[in-house]
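Inspection log for the structure reproduced underneath, given as structure tokens.
Since every read-out is calculated from the coordinates, none of them should be taken as a lab result. Predicted model only: the values in this text are computed from it and were never measured. Here the Cβ is made from the backbone with ideal geometry for all residues, glycine too, and neighbour counts use every protein chain on show.
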Amino acid sequence: MAEESGGHATTLGVRVEAARREAAGVTSYVLTAPDGAELPRWSPGAHVDVHLPSGTVRQYSLCGDPADRRSYRIAVLEQPAGRGGSVEVHRELRPGAAVQIGLPRSNFELVPARRYVFVAGGIGITPVLPMIRQVAASGIEWELVYGARTHGHFAFLGELAAHGDRVRTVPQDTAGVIDLDKLARGAAGAAVFCCGPAPLMDALVDAMAAAGHAGQVHLERFGPVATPVRDAAADDASGPEFVVELTRSGITVPVPRDVSVLDAVRGAGVDIPSSCEMGICGTCETTVLEGEVDHRDDLYTEAERATCGAMLVCVSRACGRKLVLDA
């Protein structure tokens, strides 16, 4: 059953139909509606928020078949040294378990191209799988370069084997790292889609830029881009301490220097949904009615920042002394 906000469904109740080990530390989960009903449509590159029993919310890419309206599939790498979400998934999402998920959404859309080069690192294969399915069905030229620590860390090799030599695996322990400079030089005219650890994606961006193909790269990040240390004087000039007026809630909330807008608003009793809390997922996107935003996210492009009329309240702040938000 879907939970609603303002007359619109925001989450879906689903059941874990099956769980399967796909690689070292990686388990896939098939999710279905409890009554067997069709699930909302999605397109390659989409992800869902998974609301775990503890209240933790984590994002996972949909890696099944978009044409299958009866089930979703996600895959999760267990990271014992992480923030706890992946460990909880592996502990709690057993077959038969009920869980709430958000509606599918995407910041990683498959754009039209004459040729595609897919680059995946480890669990970064998940959003790429449905992209490959769609491109392969269309007959467009494509290739996948897939890196992992060892052969045992490659997930979904059985599915990928059907594509023959279009798929190249690079186990780091025996073959080293992916030669991104060579890949970039051969990527002329191709749309390059990459998901994986930040060092892989950062290196790919640099290699593509060096090869003159910077505009052809599309990324799905697990974490925020490293940013330079901010200048304290610049922070003072831009007004790091400010207030936010929440029009729907009818309150004004002070935001101290060392507190995010999200935490300040929640402290005042107003709940804004969030997931990554690192400025990459868009869950906490909030409409800005007045004021200039100091965008510190890794989601919007510069053009979007100038026109979107919104902010990610988990990381972004005010340039002045006040923001008016639709919250």
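Here are some notes:
- Averaging the Cα positions of each part gives two centres, and for the range 141-198 and the range 52-97 these lie 24 Å apart.
- Exposed loop sites, defined as trypsin sites (Lys or Arg not before Pro) outside DSSP H, G, I, E and B with at most 16 other Cβ atoms within 10 Å, are absent from the longest region of the chain, namely 150-229.
- Per-residue HN-Hα couplings for the range 254-263 [Karplus 6.51, -1.76, 1.60; θ = phi - 60°; Hz; x = Gly/Pro]: x, 10, x, 4, 9, 10, 6, 4, 4, 5
- Label-zone membership for the range 57-85, site Ala198, 7 angstrom Cα→C-beta point, backbone N under 18 Å: 59, 79-85
- Förster radius 51 Å - calculated FRET efficiency between Glu109 and Thr252, Cβ distance, rounded to 0.05: 0.85
- Two numbers describe the Cα atoms of the range 115-221: Rg and Dmax, which are 12.8, 35 Å.
- A cut-off under 10 angstrom between Cβ atoms defines the neighbours of Arg133, and their net charge, with Lys, Arg +1 and Asp, Glu -1, is -2.
- Computed label-point distance, nm, for sites Ile140 and Arg69 using a 7 Å Cα→Cβ extension: 2.5 nm
- At R0 = 35 Å, FRET efficiency that the Cβ-Cβ distance of Asp326 and Asp35 yields, to 0.05: 0.50
- Residue by residue, the range 292-309 carries 3J(HN,Hα) couplings of 9, 9, 8, 6, 10, 8, 10, 10, 6, 7, 4, 5, 5, 4, 6, 10, 6, x Hz when phi is fed to the Karplus relation 6.51 cos²θ - 1.76 cosθ + 1.60 (θ = phi - 60°); x denotes Gly or Pro.
- Estimated 222 nm signal from helices in the chain, with DSSP H stretches of n ≥ 4 weighted -39500 (n - 2.57), rounded to 500: -5500 deg cm²/dmol
- Estimated distance in nm for a label pair at Ala161 and Leu289, the labels positioned 7 Å out from Cα along Cα-to-Cβ: 5.9 nm
- In whole percents, the pair-distance distribution calculated for the range 232-325 from its alpha-carbon pairs, binned every 10 Å from zero, is 17, 54, 28, 1.
- Candidates per GluC sites (Glu not before Pro) in the range 48-118, loop by DSSP, up to 14 other Cβ within 10 Å: Glu109
- With the convex hull drawn over the C-alpha atoms of the chain, the volume per residue is 152 Å³.
- Between Val87 and Thr10, the contour length at 0.36 nm per residue exceeds the alpha carbon distance by 25.2 nm.
- Take the Cα of Asp271, step 7 Å toward its Cβ, do the same at Glu302, and the gap between the two points is 3.9 nm.
- Translational D in µm²/s for the range 2-83 (Stokes-Einstein at 37 °C, 0.692 mPa s, Kirkwood Rh from C-alpha pairs): 237 µm²/s
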